[in-house]
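The values are calculated or read from the model by the stated rules, or taken from the named source; none is laboratory data. Treat the numbers as computed from the prediction; the structure is a model and nothing was measured. Neighbour counts run over all protein chains shown; Cβ positions are idealised from the backbone, glycine included. Surface accessibility is based on the protein's heavy atoms, side chains included, excluding ligands, DNA and RNA. Shrake-Rupley method; radii C 1.70, N 1.55, O 1.52, S 1.80 Å.
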Amino acid sequence: MAHIGFIGLGIMGTPMARHLQDAGHIVVTSKFSIPPRQELLDNGLQFVETPEALAETVDTIILMLPDTPEVKDVLFGENGVAYGLSKGKLVIDMSSISPIETKEFARKVRETGAEYVDAPVSGGEVGAKNASLSIMAGGSEASFERALPLFQLMGKNITLVGDCGDGQVTKVANQIIVALTIEAVSEALVFASKAGADPARVRSALMGGFASSRILEVHGERMVKRTFEPGFRISLHQKDLNLALQGAKALGVSLPNTAATQELFNQCAANGDSGLDHSGLVKALERMANHPVA
């Protein structure tokens, strides 16, 4: 049993923290965090005043925050985590943020004598609740081995990719593949439906062939059944593709289909759909075709 600091108790962070509690760990948060859900309070969630005080209180601090600016603020803002760090402490950032800035965050944290692991996740709210997240880690071998028992309480497919920042690079790559596959499934089902075929049966047929994928299975069904309640919101996927395009610009790499898919997400957002599940990307293509899949 250990005291684990956890900042970012939102849709993803709450079930992740609950798994730590269920394993016998005491989870501590700071008042920077959004108000926690009752289930965490009932299970013994503890509070300290600031992220700095949290870092002084515990040896391991986990962050699960929306974007790069929030991580930067929690780590290095007024009363930030970095000011409470010392040799032997470990910061694990499980947010999905900029790989470039992650390398700088890691450098600054390591200057305090503490260690840093970036460990973004894939699997959404369902994966967080089921402790089946894919975890893509960047950091030293020793830091990863220290974090691994905690990762195993929250996820299943856990990989040390490389040093700090490489976990975030992997997450961005993941989000490129997911976005472009959602776009491909959307195009296929809009085409099939407009041609007069039953999109549900087309999807079922495709599931038995080389076009089969988890996204065709899950998100294709969402498109057919019109169930766009968010597991992972369009607005969050926009953020991740922005990271991809910003990184590509810095590296001098062209990502033409990523840019095109981002424009479709932007169209959805302009039409009030940014809070939908990212499978709602199909709505952009439906508007252009003047034809809904279902």
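Some values worked out for this structure:
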{"item": "Selection count where residues are over 19 Å from the mean Cα position of the chain (by Cα) and open to solvent by 10 Å² or more (accessible area, probe 1.4 Å), scope segment 128-143", "result": "3"}
{"item": "Residue match in segment 272-280 (condition: in a loop (DSSP other than H, G, I, E, B), in contact with a Pro (Cβ under 7 Å, 6 or more places away or on another chain) and at negative phi)", "result": "yes"}
{"item": "Whichever residue in segment 1-41 is among the basic types (Lys, Arg) and under 21 Å from the mean Cα position of the chain (by Cα) and, among such residues, is modelled with the lowest pLDDT", "result": "Arg37"}
{"item": "Any pair with Cβ under 8 angstrom, 6 or more apart, that starts in segment 271-294 at a residue that is within 15 Å of Leu216 (Cα to Cα) and basic (Lys, Arg) and ends at one that is modelled with pLDDT under 95 and open to solvent by less than 40 Å² (accessible area, probe 1.4 Å)", "result": "none"}
{"item": "Pair list, Cβ < 6 Å and 6+ apart or interchain, from segment 149-160 residues that are within 15 Å of Arg18 (Cα to Cα) to residues that are outside any strand (DSSP E or B) and open to solvent by 50 Å² or more (accessible area, probe 1.4 Å)", "result": "Leu153/Ala23"}
{"item": "Residues (of a type in the set (S, T, N, Q) and either in contact (Cβ under 8 Å) with a residue 40 or more places away in the chain or part of a helix (DSSP H, G or I) (or both)) located in segment 172-220", "result": "Asn174, Gln175, Thr181, Ser186, Ser193, Ser204"}
{"item": "Residues located in segment 28-58, provided they are of a type in the set (D, E, K, R), closer than 22 Å to Tyr116 by Cα and either touching a Leu at 6+ places or on another chain (Cβ under 7 Å) or open to solvent by less than 90 Å² (accessible area, probe 1.4 Å) (or both)", "result": "Glu52"}
{"item": "Within segment 221-240, considering residues that are of a type in the set (D, E, K, R) and not in a loop (DSSP other than H, G, I, E, B), the one farthest from the chain's Cα centre (by Cα)", "result": "Lys225"}
{"item": "Sole residue being in contact (Cβ under 8 Å) with a residue 60 or more places away in the chain, more than 30 Å from Gly220 (Cβ to Cβ) and in contact with a Lys or Arg (Cβ under 8 Å, 6 or more places away or on another chain), chosen from Gly165, Gly113", "result": "Gly165"}
